[in-house]
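Enquirer: Take a look at this one; I'll ask things after.
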There are 6 protein chains.
Amino acid sequence: MGESTTREERYEHGLAMLDAVDGTAGANVIESLKDVAPELGHQIVAWGFGEIYSRPGLEPRDRQLVTLGMLTALGGCEPQLTVHINAALNVGLTPQQIIEAFLQSAAYCGFPRALNATLTAKKVFAERGLLPVE
Amino acid sequence: MGESTTREERYEHGLAMLDAVDGTAGANVIESLKDVAPELGHQIVAWGFGEIYSRPGLEPRDRQLVTLGMLTALGGCEPQLTVHINAALNVGLTPQQIIEAFLQSAAYCGFPRALNATLTAKKVFAERGLLPVE
Amino acid sequence: MGESTTREERYEHGLAMLDAVDGTAGANVIESLKDVAPELGHQIVAWGFGEIYSRPGLEPRDRQLVTLGMLTALGGCEPQLTVHINAALNVGLTPQQIIEAFLQSAAYCGFPRALNATLTAKKVFAERGLLPVE
Amino acid sequence: MGESTTREERYEHGLAMLDAVDGTAGANVIESLKDVAPELGHQIVAWGFGEIYSRPGLEPRDRQLVTLGMLTALGGCEPQLTVHINAALNVGLTPQQIIEAFLQSAAYCGFPRALNATLTAKKVFAERGLLPVE
Amino acid sequence: MGESTTREERYEHGLAMLDAVDGTAGANVIESLKDVAPELGHQIVAWGFGEIYSRPGLEPRDRQLVTLGMLTALGGCEPQLTVHINAALNVGLTPQQIIEAFLQSAAYCGFPRALNATLTAKKVFAERGLLPVE
Amino acid sequence: MGESTTREERYEHGLAMLDAVDGTAGANVIESLKDVAPELGHQIVAWGFGEIYSRPGLEPRDRQLVTLGMLTALGGCEPQLTVHINAALNVGLTPQQIIEAFLQSAAYCGFPRALNATLTAKKVFAERGLLPVE
């Protein structure tokens, strides 16, 4: 990245990562911002995915584990959890591992946060035909 | 305020401020509390608006900027954000400024909180015919 | 509890407490976890209710007061507040005391959290025919 | 409170409650605000204690239980927990009950919040010669 | 920003903004990251200040009002509040306005968060010879 | 775990896991609870480590990634972050991976939380002779 890039090139770079990780769910979020906050959409793509997610120091599945932990702890992030539970599945985490991560969150964030995350996962798994988790 | 006032006078004083800032949205919140927690409704009006909001040291638009920042950071306050995005528009902030404040929140609270606030603003702007924001 | 118990016995012990405190609302939460995270359901019952709630050092009504305070402060826990407002009524707190606790939360968590908790209580009270609160 | 009162009278009314509940710890907080935010000090006393705490609908010990729950869940409130653990002891809660409330918080807020609250209690109990808790 | 820029140019662009807003306090934070997380330091400067803060849609003083609100609500951000209370003074907010913003935060985040922010401001004001605030 | 176990056996089971993951740092936390809240210490060991951490569905390093994400997002958990950054190193995560996880947290929790976590890591790395991180 020492070379010179345009704003558009940085966006394109991030968009490839967003598509690979989040698929249409990510694209839908960016689309929903077009008429109200296009710059926020640009920055999620160009910075969040182009500058941060695409760095080599941490595997995509490891990034999703950290992210699932953060979104569970924050609370009130069910739409983002939906996107990232899908993303976690896309990059190779199993439903069992995701559920295990949320079980662990009970010890650090308490049962209410763990429950909200787990029931969000249930909806995602149901849509993808992954229930029951065994 | 050195003079003697009744509880009812303090309520009336706050109600004028609530109506000026929040309009019917604020009145609806107070109304919804009537049969369950009238004292909470009283205190929001008499204290929140009568004692705090009506102080002269900070302009109404500045108070809304602080408030939008707080509600975004707290999370899970979409109903209150709806009231205060309306209030922000009522006291002179533009849709562009509100969106810019939420963009800035990404750096301090992260993208999930920024997204939730921005998509709440989108609903308010749509109801008031203010989309697209350019 | 110095004696030897099986995992199933610990679950049964917690289930009796869960039923006494939360009634069908608690059972429904555990049921909803069956096909996605049965271990989380087990731990809520066996540990949360069997090990923590059933300890003798604090009265059930006192436990609910602490819990209502926590859930209000956390935010984004409306489903859990619904269960615990019901539980609070089940163990002897009055609607007036619950509303008073939420009023007090305004001073420690601010009006938005107090409002969300109070309006959740309003729904519970309405379902149980307890409105208006006077 | 239907009668007419001055701002000063409302302050005096709250101050009596503050002294009864929080003792010198509360007075020290108000004193520390004198040269930077005297209005905040006024409102904590006149509104927080005069209008909210002094209401008859919930016993002082019950108010402390709710408050300990909220401060634990909020996190980052160790100075306020110190004041309120002292207050809880002042209005009749035992060290055992306070510790039991924080143990319960592990199930709702997770171990980190429960630990921070418990270790704050340990300092208060040490100062008051209440260790060990048995 | 349609033109092509290097990573270094974006850093330099942000650094000018950081220096203008935060002065040595901001530079110290970046310096403290050099041996542990230089990329985080880079992104705070190049993205936070270069891409977000430097946008024209919101005045620097308005950005600080939003930021003070967010940091107060988040809690546990006293080091960042220290930087931003200094920044707020640097871009033209008065001590009175800052204190008024924190007073308002009592209504939205509760007294504990308002107190922590106000006592952080007291330290900053003391260092800059701005006490008492009248 | 279908077999019958005593409370003491469950504690011993968890203690082996606690020692393996957290080393003396974990033991020190439990020790500090002995005279104030021995039951909390028991439950952290017997339940947190014995029942949750020791489950086979998620690797120890993966559990630490989730946990670092949660503690960063919660805020105000610097003592627990210190324990878990040490634990993360103990189970095979590199300083570079830990720092990368905290960099990513900037996108989900904002810079203040990312900074507090990173500067906590700096202290741990310094004590273990792991600076600079390159």
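The values are calculated or read from the model by the stated rules, or taken from the named source; none is laboratory data. What you see is a predicted model, and the numbers here were worked out from it, not measured in a lab. Backbone-built Cβ (ideal geometry, glycine too); neighbour counts: all protein chains shown.
Enquirer: Can you tell me which residue within the range F:80-120, out of those that are small (Gly, Ala, Ser) and touching a residue at least 40 places away in the same chain (Cβ under 8 Å), is surrounded by the most Cβ atoms within 10 Å (Cβ to Cβ)?
Expert: For the range F:80-120, the residue satisfying everything is F:ALA117.
Enquirer: Closer than 19 Å to C:GLY75 by Cβ and among the acidic types (Asp, Glu), is that true of B:GLU59?
Expert: When the stated conditions are applied, B:GLU59 does not pass them.
Enquirer: Which condition number in (1) surrounded by fewer than 18 Cβ atoms within 10 Å (Cβ to Cβ); (2) more than 8 Å from every other protein chain (Cβ to nearest Cβ) is the one that F:GLY50 fails?
Expert: Answer for F:GLY50: the failing condition is (1).
Enquirer: Let me ask you something else. Return the total of residues in the range C:7-43 being closer than 21 Å to F:TYR53 by Cβ and in contact with a Gly (Cβ under 8 Å, 6 or more places away or on another chain).
Expert: 5
Enquirer: Among the residues of the range A:119-128, write down those that are part of a helix (DSSP H, G or I) and more than 9 Å from chain C (Cβ to nearest Cβ).
Expert: Selection gives A:THR120, A:LYS123, A:VAL124, A:GLU127.
Enquirer: Also, quick follow-up: Scan F:LEU74, F:LEU40 and give me the residue that is under 30 Å from E:ALA73 (Cα atoms) and in the same structural domain as F:ALA88 (by TED's automatic domain parsing).
Expert: F:LEU74
Enquirer: Okay, next question. Any idea which of (1) touching a Leu at 6+ places or on another chain (Cβ under 6 Å); (2) within 10 Å of chain C (Cβ to nearest Cβ); (3) not aliphatic (A, V, I, L, M) is the one D:PHE102 doesn't satisfy?
Expert: Failing condition for D:PHE102: (1).
Enquirer: Do you know which residues across the range F:61-71 are surrounded by fewer than 23 Cβ atoms within 10 Å (Cβ to Cβ) and at the interface with chain A (Cβ under 7 Å from one of its Cβ atoms)?
Expert: Answer for the range F:61-71, where residues must be surrounded by fewer than 23 Cβ atoms within 10 Å (Cβ to Cβ) and at the interface with chain A (Cβ under 7 Å from one of its Cβ atoms): just F:ASP62.
Enquirer: May I ask you to list the residues in the range F:2-47 that are exposed (fewer than 14 other Cβ atoms within 10 Å of the Cβ) and either in contact with a Lys or Arg (Cβ under 9 Å, 6 or more places away or on another chain) or not in a helix (DSSP H, G or I) (or both)?
Expert: F:GLY2, F:GLU3, F:SER4, F:THR6, F:LYS34
Enquirer: May I ask you to say which residue of C:GLU134, C:GLU59, C:GLU51 is in contact (Cβ under 8 Å) with a residue 40 or more places away in the chain and acidic (Asp, Glu)?
Expert: When all the criteria are applied, what remains is C:GLU51.
Enquirer: Go through (1) facing another protein chain (nearest Cβ under 9 Å); (2) not in a loop (DSSP other than H, G, I, E, B); (3) not hydroxyl-bearing (Ser, Thr, Tyr) and name the single condition E:LEU58 misses.
Expert: Here E:LEU58 clears every test but (2).
Enquirer: Also, quick follow-up: Scan the range A:72-79 and tell me whether some residue there is surrounded by 15 or more Cβ atoms within 10 Å (Cβ to Cβ), charged (D, E, K, R), out of contact with any strand residue (DSSP E or B) (no Cβ under 9 Å at 6 or more places or on another chain) and within 13 Å of chain F (Cβ to nearest Cβ).
Expert: No, the range A:72-79 contains no residue that is surrounded by 15 or more Cβ atoms within 10 Å (Cβ to Cβ), charged (D, E, K, R), out of contact with any strand residue (DSSP E or B) (no Cβ under 9 Å at 6 or more places or on another chain) and within 13 Å of chain F (Cβ to nearest Cβ).
Enquirer: On to the next question. Just the residues that are more than 17 Å from the chain's Cα centre (by Cα) and at pLDDT 90 or above, please, taken from the range E:1-26.
Expert: Matches in the range E:1-26: E:SER4, E:THR5, E:THR6, E:ARG7, E:GLU8, E:GLU9, E:ARG10, E:TYR11, E:GLU12, E:HIS13.
Enquirer: Based on this model, can you work out whether E:THR67 counts as closer than 30 Å to D:GLU78 by Cβ, of a type in the set (Val, Ile, Thr), assigned to a helix (DSSP H, G or I) and assigned by TED's automatic domain parsing to the domain that holds E:SER105?
Expert: yes
Enquirer: Kindly provide the set of residues from the range C:81-134 that are β-branched (Val, Ile, Thr) and closer than 23 Å to C:ILE44 by Cβ, ordered by number.
Expert: The answer is C:THR82, C:VAL83, C:ILE85, C:VAL91, C:ILE98, C:THR120, C:VAL124.
Enquirer: Let me ask something additional. Taking the options D:PRO95, D:PRO112, name whichever one is over 17 Å from the mean Cα position of the chain (by Cα) and at the interface with another protein chain (Cβ under 9 Å from one of its Cβ atoms).
Expert: Exactly one of D:PRO95, D:PRO112 is over 17 Å from the mean Cα position of the chain (by Cα) and at the interface with another protein chain (Cβ under 9 Å from one of its Cβ atoms), namely D:PRO112.
Enquirer: Next question, about the same structure. When C:VAL29 is evaluated against the numbered criteria (1) modelled with pLDDT under 95; (2) away from chain D (no Cβ under 14 Å), which criterion, by number, is the only one it fails?
Expert: All conditions pass for C:VAL29, except number (2).
Enquirer: For the structure I just gave you, tell me whether F:LEU131 is over 16 Å from the mean Cα position of the chain (by Cα), more than 10 Å from chain A (Cβ to nearest Cβ) and in a helix (DSSP H, G or I).
Expert: The answer is no for F:LEU131.
Enquirer: Next question. Of the numbered conditions (1) part of a helix (DSSP H, G or I); (2) within 18 Å of B:PRO112 (Cα to Cα), A:GLY76 fails exactly one; give the number of that condition.
Expert: Against the list (1) part of a helix (DSSP H, G or I); (2) within 18 Å of B:PRO112 (Cα to Cα), A:GLY76 comes up short only on (1).
Enquirer: Further question on the same structure: Please work out if F:VAL83 is within 14 Å of chain A (Cβ to nearest Cβ), aliphatic (A, V, I, L, M) and under 18 Å from A:SER105 (Cα atoms).
Expert: Considered against the rule, which asks whether it is within 14 Å of chain A (Cβ to nearest Cβ), aliphatic (A, V, I, L, M) and under 18 Å from A:SER105 (Cα atoms), F:VAL83 comes out as yes.
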